[in-house]
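First up is the structure itself, then whatever we jot down about it.
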Amino acid sequence: MDDEQQQAGRRDQQDQRDEQEQQNQREQLGHGPLAGFTVGVTAARRADELGALLQRRGAAVLHAPALRIVPLADDSELLAATKGIIDQAPDVAVATTAIGFRGWVEAADGWGLGEQLLERLRGVELLARGPKVKGAVRAAGLTETWAPAGESMAEVLDRLLEEGVAGRRIAVQLHGEPLPGFVEALRAGGAEVVPVPVYRWMPPEDIGPVDRLLDAAVSRGVDAITFTSAPAAASLLSRAEERGLLPELLTAFGHDVLPACVGPVTALPLQARGVDTVQPERFRLGPLVQLLCQELPGRARALPIAGHRVEIRGHAVLVDADLKPVPPAGMSLLRALSRRPGWVVSRQELLRALPGAGQDEHAVETAMARLRTALGAPKLIQTVVKRGYRLALDPAADAKYADA
């Protein structure tokens, strides 16, 4: 048994070395870590930046802004809140986003109230959530009193509650949503909270891209969907429910489509539906993309077939180190074959796997021919006469997948 364990350990080490070698080869050939994967982007702002980061690493990007940001420069609520703060200074002001704080100051300038607002804020305890917010605060000529190390509103809330909020007047710059739990906790502690709604999240003017993303998710046409705000996550779930696709979307998130959130607050609407998400340690776009670069290749199916290493990605296949784009119908067939590697899969079963193929098994033959052409190695898939097709799994791997 010890000898067998040692042999198994050596095989595992060799597998790891082979995997690293394949990764090095892909990098040398210019394949980014996300090559062959499709990632959905739901962001309304900074979507171009996130999309560029993903594309630079090889991903295909499907952009579907789930919301749009509506500035409130002419909104009566923001004007009333600004005048109220000028008339009666708060004890504490909380700046939550850089874009929101800048928008507030710019709106006040437009009303001729900019200097009065800044003068009021100079005399209060000013809390800034994170370095970007600090930058916006300082650009306005102010200095923050404190900023949390973890850049989270939970830390801001903890600090305020530890200081004691009873009888204190606290202005909170909102960032598109009413910060559920934060404002309520302050009020429960006895604070007077002055919400400052600088901009709002609204449904997108064109719902078409969102519907296309939902269709792609339930049909497994995307490998991951990124979320950079809780309202965007809630909006996508709401639209799926309106279309009767929510159960299918939740199933996709549970198995084949990776939901990636920029942070824990963003993940809350998904977690409320029982969806497990991945999040970077630092709540930034760069770390979010780095996380996808780790997660998606690790989820791809890699098989030893006909003397080649075949890695099945979202819309492409790595045959050894060569990236092969594959049409959607071909990917559907390949995924069906890979669920039981080496086993014969009937034409009827493969027909069911084809999107919108109908009842004609000739569609399987046509899609299979195109798949073999795309892979560039026809012997990867064997035809079993009168039975169907199978992946030509290498003999050494047969035992491993015999009970798959």
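Which of (1) touching a residue at least 60 places away in the same chain (Cβ under 8 Å); (2) open to solvent by less than 30 Å² (accessible area, probe 1.4 Å); (3) out of contact with any His (no Cβ under 7 Å at 6 or more places or on another chain) does residue 193 not meet, given it meets every other one?
(1)
When the residues of segment 241-258 are narrowed to those that are closer than 15 Å to residue 295 by Cα and in a loop (DSSP other than H, G, I, E, B), which ends up farthest from the chain's Cα centre (by Cα)?
256
Can you tell me which of 117, 126, 213 is in contact with a His (Cβ under 9 Å, 6 or more places away or on another chain) and either open to solvent by less than 30 Å² (accessible area, probe 1.4 Å) or part of a helix (DSSP H, G or I) (or both)?
Matching residue, one of 117, 126, 213: 213.
Give me a count of the residues in segment 364-404 that are out of contact with any Gly (no Cβ under 9 Å at 6 or more places or on another chain), farther than 20 Å from residue 319 by Cα, assigned to a helix (DSSP H, G or I) and modelled with pLDDT of 80 or more.
So the answer is 2.
Looking for whichever is loosely packed, with under 15 Cβ neighbours inside 10 Å, modelled with pLDDT under 95, over 14 Å from residue 66 (Cα atoms) and of a type in the set (A, V, I, L, M) here; the options are 267, 188. Which one fits?
On inspection, the qualifying residue turns out to be 188.
Quick one: which of 278, 326, 262 is over 26 Å from residue 238 (Cβ atoms) and either at pLDDT 90 or above or open to solvent by less than 50 Å² (accessible area, probe 1.4 Å) (or both)?
Answer to the check: 326.
With touching an Asp or Glu at 6+ places or on another chain (Cβ under 6 Å) and within 29 Å of residue 356 (Cβ to Cβ) as the only criterion, which of 296, 323 stands out?
296
Out of 281, 295, which single residue is in a helix (DSSP H, G or I) and of a type outside the set (A, V, I, L, M, F, W, C)?
295
State which residue is farthest from residue 135 (Cα to Cα) when the search covers only segment 46-105 and only residues that are open to solvent by less than 50 Å² (accessible area, probe 1.4 Å) and of a type in the set (Ser, Thr, Tyr).
82
Looking at residue 233, is it at pLDDT below 95, in contact with a helix residue (DSSP H, G or I) (Cβ under 8 Å, 6 or more places away or on another chain), assigned to a helix (DSSP H, G or I) and under 27 Å from residue 93 (Cβ atoms)?
In short, no.
Quick one: in segment 334-354, which of the residues that are open to solvent by 90 Å² or more (accessible area, probe 1.4 Å) and in a loop (DSSP other than H, G, I, E, B) is farthest from residue 319 (Cα to Cα)?
343
Within the group 223, 256, which residue is in contact (Cβ under 8 Å) with a residue 12 or more places away in the chain, open to solvent by 30 Å² or more (accessible area, probe 1.4 Å) and not aliphatic (A, V, I, L, M)?
Within the list 223, 256, the selection yields 256.
The values are calculated or read from the model by the stated rules, or taken from the named source; none is laboratory data. Since we're looking at a predicted model, the values are computed, not measured. FYI the Cβ positions are ideal-geometry reconstructions off the backbone, even for glycines, and counts take in every protein chain you see. Each accessible area value is taken on the protein alone, full model and side chains, heavy atoms only, with ligands, DNA and RNA left out. Shrake-Rupley method; radii C 1.70, N 1.55, O 1.52, S 1.80 Å.
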